[in-house]
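Please read the structure below before turning to the comments.
Every read-out reported here was derived from the displayed coordinates using simple, explicitly stated rules and does not represent laboratory data. What you see is a predicted model, and the numbers here were worked out from it, not measured in a lab. We place every Cβ from the backbone using ideal geometry, glycine too, and count neighbours over all the protein chains shown.
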């Protein structure tokens, strides 16, 4: 904490132009960010929304769109499930491409029909989980030993005499999806898309497909900008040189900022401090009571504690519910 005190300004520095809010959920956080952005832009003020990582963007962008707030963001927002399907189609059309095959195999063992837990090998994984994952990855890596100018990775997979259970699933799934892509008529009508869901493990729940379709439609629809100002969205690390009249920093929970995986907490504190100084007139610091597992680095999903960096500032949080 002593090191943080030297880098993070006391309450007197922030003054009355700053608010620290605890939001009831990540949805409430996104809604308030959008509402503040809308009102600020209508008041002819520039807005910068800063997030710890790009996973925060999709929900905030959804709320900005609902509020009719034009935005500028340099990140790609194509849903991850759509990206996975795109990789599979790229492989279908070039199945002798070794690297495309390797990418599809990775997708299938990460989340698909041959799923093997422990892809991230982080603190959430048990030693046994990591061991099993590494063992499976090693078996797949050994397949490359048989790849040459005459034999592709997919050919190697098809010709294995005694494949493991997972390699059997991968081989049979890829052969099946290739066949259904070419032969989709008659009794196989519609089977391709059914197997696509089974093999990849996506769109099992209808709302997943609905969410992805809505996201793609939103990306394709032209944005009717009725105001010359935009809400700029950036990660903390990609906001270099930017300032705005109003700055909103979200995700300030203790298992996100500072990043518990970071070895240099002082550098994390410096990043937070620089982010705060990007506000010319008004600064909002948000932290949520709830956060989905794919966003947090820690185990806690509810009753989350605010960042120690906010504690150093020396102000209580005001609770907000949407």
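Some notes on this structure:
- Separation in nanometres of the label points that stand 7 Å from Cα toward Cβ, at residue 99 and residue 149: 2.0
- FRET efficiency for the pair residue 217 and residue 293, taken as 1/(1 + (r/R0)^6) with r the Cβ-Cβ distance and R0 = 35 Å, rounds to 0.85.
- Taking other Cβ atoms within 10 Å as a rough exposure proxy, 173, 263, 197 sort from fewest to most as 263, 197, 173.
- In plain terms, the chain from residue 27 to residue 263 could stretch by 81.9 nm, reckoned as 0.36 nm per residue minus the Cα-Cα distance.
- Choice from 257, 217, 20 showing the highest fluctuation, given a GNM over the chain with Cα pairs closer than 10 Å: 217
- Considering helices alone, the calculated mean residue ellipticity of the chain at 222 nm is -13500 deg cm²/dmol, with DSSP H runs of length four and up weighted by -39500 (n - 2.57) and normalised per residue.
- Springs join every pair of Cα atoms under 10 Å in this Gaussian network model of the chain, and among 104, 156, 116 the largest mean-square fluctuation is at 156.
- In this simple spin-label model, placing a label point 7 Å from the Cα along the Cα-to-Cβ direction at both residue 75 and residue 44 gives a separation of 3.2 nm.
- Footprinting exposure proxy ranking of 91, 144, 203, fewest other C-beta atoms within 10 angstrom first, gives 144, 203, 91.
- Computed FRET value (nearest 0.05) for residue 183 with residue 110, which takes r as the C-beta separation and R₀ as 30 Å: 0.60
- Ranked 120, 54, 240, criterion: other C-beta atoms within 10 Å, fewest first: 240, 120, 54
- Centroid-to-centroid separation of region 139-184 and region 233-261 [C-alpha atoms, Å]: 44
- Average projection, convex hull of the Cα set of region 80-212: 9.5 square nanometres.
- Full-stretch length increase - residue 321, residue 243 - with 0.36 nm per residue and alpha-carbon distance subtracted: 25.3 nm
- Kirkwood hydrodynamic radius of the chain, Cα pairs, Å: 22.6
- The ratio of the alpha-carbon radius of gyration of region 116-160 to the globular-protein estimate 2.2 N^0.38 Å is 1.47.
- DSSP-defined antiparallel bridges as percent of all bridges, the chain, nearest 5: 5
- Most mobile of 202, 160, 60 in a GNM of the chain (Cα contacts under 10 Å): 160
- Between the helical axis of 265-276 and the longest alpha-carbon principal axis of the chain there is an angle of about 60 degrees.
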